[in-house]
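**Q** Quick one: the structure is below, and I'll ask about it shortly.
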Amino acid sequence: AQKITQTQPGMFVQEKEAVTLDCTYDTSDPSYGLFWYKQPSSGEMIFLIYQGSYDQQNATEGRYSLNFQKARKSANLVISASQLGDSAMYFCAMSLSNTGNQFYFGTGTSLTVIP
Amino acid sequence: DGGITQSPKYLFRKEGQNVTLSCEQNLNHDAMYWYRQDPGQGLRLIYYSQIVNDFQKGDIAEGYSVSREKKESFPLTVTSAQKNPTAFYLCASSSRLAGGPKTQYFGPGTRLLVL
């Protein structure tokens, strides 16, 4: 069964606007971590932000914030004030404590920032 | 600077040939991982290693082999048994230290093409 679902294959956003990339997850493990990575055309995966299942507050890292809704099993990434350099693939991932820190990745969302 | 290096950046394989992809890290991380990424897809786990001289199969281990003789190194061999090896291969590492997220950090990747 797919553990991470990203339903938006492609998204467009105007420069300087905010954009939300969706991610839903599926697990019965009470302890897990949620991650977002950015993959520019060069191919390298760049870590953006992390949310632990027991964290009470939504994670934020500069222009990135994670909208964590535990009951809905969603972990959406919000990018504020989009920049042209934000154009890339974005992947949501989950790690489970009972699987030796194995990561499960979604299929990704391609974000294009329009000038 | 600390990080993960992968070589070569591009690799060509002939039919029936084994090839080895290099992955080295100087982050003092215990765990290392190999992923395969096909065009337009997410990452799929091939093998992972939590400690030296130990490794586990991931979701798509058939046709691949690994070794972990040193903490810093986790080479991946694509054998002739792997019938469709053309893909982008990413190596990652993470720390098992207590406290903080066990984030995976990635190398720049190796693109493997079959001639």
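**Q** Show me the strands (runs of 3 or more DSSP E) found entirely inside chain A where at least 2 residues are closer than 26 Å to residue B:58 by Cβ and among the hydrophobic types (A, V, I, L, M, F, W, C).
**A** In chain A, A:32-39, A:46-52, A:74-79, A:88-96, A:103-105 are the strands (runs of 3 or more DSSP E) which contain 2 or more residues that are closer than 26 Å to residue B:58 by Cβ and among the hydrophobic types (A, V, I, L, M, F, W, C).
**Q** Has the stretch B:69-87 got any residue that is modelled with pLDDT of 95 or more and acidic (Asp, Glu)?
**A** For the stretch B:69-87, residues modelled with pLDDT of 95 or more and acidic (Asp, Glu): present.
**Q** Being more than 12 Å from the chain's Cα centre (by Cα) and within 14 Å of another protein chain (Cβ to nearest Cβ) is the filter here, so list the residues in the stretch A:83-97 that pass it.
**A** Scanning the stretch A:83-97 gives A:88, A:95, A:96, A:97.
**Q** Right, another one. Can you pull out every residue in the stretch A:62-75 that is free of Cβ contacts under 8 Å to residues at least 40 places away in the same chain and surrounded by 18 or more Cβ atoms within 10 Å (Cβ to Cβ)?
**A** A:65, A:66, A:68, listed by residue number.
Conditions tested, residue by residue: (1) of a type in the set (D, E, K, R); (2) more than 14 Å from chain A (Cβ to nearest Cβ).
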| position | (1), (2) |
| --- | --- |
| B:52 | no, yes |
| B:57 | yes, no |
| B:61 | no, no |
| B:67 | no, yes |
| B:89 | no, no |
| B:105 | no, no |
| B:112 | no, no |
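For every residue, the table says whether it meets (1) surrounded by 19 or more Cβ atoms within 10 Å (Cβ to Cβ); (2) at pLDDT 95 or above; (3) more than 9 Å from every other protein chain (Cβ to nearest Cβ).
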| site | (1), (2), (3) |
| --- | --- |
| A:52 | no, no, no |
| A:60 | no, yes, yes |
| A:77 | yes, yes, yes |
| A:81 | no, yes, yes |
| A:99 | no, no, yes |
| A:105 | yes, no, no |
| A:112 | no, yes, yes |
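**Q** Checking the structure you have, find out if any residue of the stretch B:89-98 is closer than 27 Å to residue A:7 by Cβ, open to solvent by 30 Å² or more (accessible area, probe 1.4 Å) and modelled with pLDDT under 95.
**A** No, that holds for no residue.
**Q** Tally time: how many residues in the stretch B:38-76 are in contact with a Phe, Trp or Tyr (Cβ under 7 Å, 6 or more places away or on another chain) and in a strand (DSSP E or B)?
**A** The qualifying residues number 13.
**Q** Now, a different point. Suppose the filter is farther than 27 Å from residue B:51 by Cβ and within 11 Å of chain B (Cβ to nearest Cβ); does residue A:69 pass it?
**A** No.
**Q** Any residue that is modelled with pLDDT under 95, open to solvent by less than 10 Å² (accessible area, probe 1.4 Å), in contact with a Phe, Trp or Tyr (Cβ under 9 Å, 6 or more places away or on another chain) and more than 19 Å from residue A:106 (Cβ to Cβ) - is there at least one of those in the stretch B:18-31?
**A** yes
**Q** Can you pull out the residues in the stretch B:35-57 that are closer than 28 Å to residue A:10 by Cβ and either modelled with pLDDT of 90 or more or surrounded by 13 or more Cβ atoms within 10 Å (Cβ to Cβ) (or both)?
**A** Selection gives B:35, B:36, B:37, B:38, B:41, B:42, B:43, B:44, B:45, B:46.
The values are calculated or read from the model by the stated rules, or taken from the named source; none is laboratory data. Because the structure is predicted, anything quoted here is derived from the model rather than measured. Note: ideal-geometry Cβ built from the backbone for every residue, glycine included; neighbour counts use all protein chains shown. Heads up: the accessible areas ignore ligands, DNA and RNA and are worked out on the full protein's heavy atoms, side chains in. Shrake-Rupley method; radii C 1.70, N 1.55, O 1.52, S 1.80 Å.
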